[in-house]
Each structure stands twice: as C-alpha cells, then as structure tokens.
Amino acid sequence: MSVFIYLTPALTALGLHFFVRGERLSPLQWLGVAIAFLGLFLAFAEGFFSGQRTWASTTVLIRATRLSHASS
C-alpha cells in the first residue's frame with residue numbers, strides 16, 4: 001500500500017502535464033519527476049511486480065474534467 005501512496009504525486013504530475021493545459025512541466029520539473037521515479041523504484045522494486053495499480057489516475061481524471069470546476 002505504501003507504494004501507492006508514494007507513487008501518486010509523481011504519476012499525478014505526469015498525468016496533469018498531458019491532460020490539463022495549464023499544468024505543463026518545465027525541464028527542471030521533468031528531472032525532478034525522473035529522480036522521484038528512480039528513488040521510488042530503488043526503494044520499492046520488489047513491490048512493482050505484484051500486478052497492482054495506483055490511484056493517480058483518479059486525481060488526473062478529476063482535474064482534466066469539469067469535476068474540478070464544480071462549486072461546493
């Protein structure tokens with residue numbers, strides 16, 4: 001479960017870059033995302049082969065649609 005928690009910010013940043021026009025990553029931010037993935041891979045390498053998926057797509061879906069603009 002901790003792999004899901006630690007992967008979500010990096011995957012969310014990537015998803016937002018591709019699906020939300022105002023959330024583009026700069027070259028330095030790309031480097032930061034790459035370093036984050038490398039660190040996560042090294043820390044949790046054995047957990048990546050268990051076949052489970054992450055929850056970052058939920059955040060990307062909400063931010064890329066009108067759901068993020070709904071009034072509360």
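Laboratory data are not the source of any read-out in this text; all were calculated from the coordinates shown. Just so we're clear, the structure is a prediction, and the values are computed from it rather than from any experiment. Positions of Cβ are backbone-derived with ideal geometry, glycine not excepted, and every protein chain shown enters the neighbour counts.
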Inter-site label distance for Ile35 and Arg21 at 7 Å from Cα along Cβ, in nm | 3.2
Using the Karplus curve 6.51 cos²θ - 1.76 cosθ + 1.60 with θ = phi - 60°, work out ³J(HN,Hα) for each residue of segment 11-22 in order, rounded to whole Hz, and write x for Gly and Pro.
-> 5, 5, 4, 5, x, 5, 4, 8, 10, 10, 4, x
